[in-house]
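Just so it is clear, none of the values below were taken in a lab; they were calculated from the coordinates. Note that this is a predicted model, so its numbers are computed, not measured. Note that we place each Cβ from the backbone using ideal geometry, even for glycine, and neighbour counts take in every protein chain shown.
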Amino acid sequence: MRSSDDVRHPARRALLLRASLGLAGLPGLPARAADPARAIAVIYPDLGEPFRSVFSTIIEGVEDRLRGRVASFAAGNNATPADFAEEIRRKEIKVLIGLGRSGMRVAAGLASDLGVVVGCVVSVQENEVRGFPVHTLAPDPALLLQRLRKLMPAVKRVHVIYDPRLNAWLIRLARDAARAEGMELLAHEAVDQAAALRLYAQVLATADPPRDALWLAQDSTTVDDNAVLPLVLKEGWNRGLAVFSSNVSHVKRGALFSLYPDNLELGRSLASAALRALGTPRPPPGVQPLRETRAAVNTRTAAHLGLDIQSRLPTFDLVFPAP
């Protein structure tokens, strides 16, 4: 039990709070960061529903991890760093969490003066990461392939078609993840939609179900919802080829399964990254996949592939078609 002296003495009270939040071991942490919620702010895109609720839940997770309210700012499409610099300075913010493209743009413009953590970005090129970590919404390939292994242990090869300008970093992670699961990743590069369509036609014609599966990454060049997705899902269905995706909306249309963000946990994770950015040295820059996930499955596709999905339904958070 804490003594009354511990509670009354400001320095001891600050040390207790630092320890409870896991901050005591961070060298160079500013003294005022004993109340870290006051030193951290969130900037997010000024969008309507359903996006506003998503950002609200992420902020709720940030505040839950920090055990206090944080300053938050809505950024419009034309927002600039200068629009927020004075308010951030007045509030003595030390680390800024930028959500989405608008949040990333503003936070990046202030990165010379503040610690910056970016999250909730669908995809980002590695050359856009300038001195701070970026947590994308691309599900960690390790989590996707672990899920695939549990559903379809006979799969030995996974095909993916990707734009190296967008997803070279993700494919590096996927190769390691595939090896860990005893699979081979066959990654095909395409820099435009025409090349992607040719590669999909080749893969769909030569794949060997159930030994092979096709992964649709979050890739705006190679995974178009209008031109690519209908072709892939139709031919995958006809050939009995498992198609899984990094985009949860594809499951509703017929992909076998996907992973999607757990927004509350994502907020907690971003808060933990912001706490590290309060310390010295700051966390290294780089692109990171989404590890705070929920899972969706299409039971009609699973039945078509001959999978016994009923016993596994409790491990999924979203089921299509709706029961």
Cβ-Cβ FRET estimate between N238 and R291, R0 fixed at 30 Å, reported to 0.05: 0.30
Helical segments meeting 18 Å axial Cα length and Kyte-Doolittle -1.0 threshold in the chain (DSSP H): 51-66, 164-180, 193-206, 263-278
Charge tally in the Cβ shell below 13 Å around L145, where Lys, Arg are +1 and Asp, Glu are -1, L145 excluded: +3
Extended-chain gain in nm, criterion 0.36 nm per residue less alpha-carbon gap, S272 and R300: 6.2 nm
Of all DSSP beta bridges in the chain, antiparallel share, percent nearest 5: 10
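Hey, what did the range 54-188 get for relative contact order, percent, Cα under 8 Å, at least 6 apart?
Dividing the mean separation by the residue count of the range 54-188 yields 16 percent.
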Over the chain, relative contact order from alpha-carbon pairs under 8 Å, at least 6 apart, %: 19
Sum of -39500 (n - 2.57) over DSSP H runs of 4+, divided by residues of the chain (222 nm, nearest 500): -12500 deg cm²/dmol
In nm, spacing of pseudo-spin labels at A74 and S112 (7 Å Cα→C-beta vector): 3.1
Charge sum, other residues only, whose C-beta stays under 15 Å from D163's C-beta, Lys/Arg counted +1 and Asp/Glu -1: -3
FRET efficiency for K91 and R130, using Cβ-Cβ distance with R0 set to 22 Å, rounded to 0.05: 0.40
Extended-chain gain in nm, criterion 0.36 nm per residue less alpha-carbon gap, A205 and R157: 15.8 nm
Separation in nanometres of the label points that stand 7 Å from Cα toward Cβ, at S220 and D64: 3.1
Inter-site label distance for F51 and V319 at 7 Å from Cα along Cβ, in nm: 3.3
Viscosity 1.002 mPa s, 20 °C: Kirkwood-radius Stokes-Einstein D of the chain over Cα pairs, µm²/s: 101
J(HN,Hα) series, the range 292-301, from Karplus relation 6.51 cos²θ - 1.76 cosθ + 1.60, nearest Hz, glycine and proline x: 9, 10, 10, 10, 10, 9, 10, 6, 5, 5
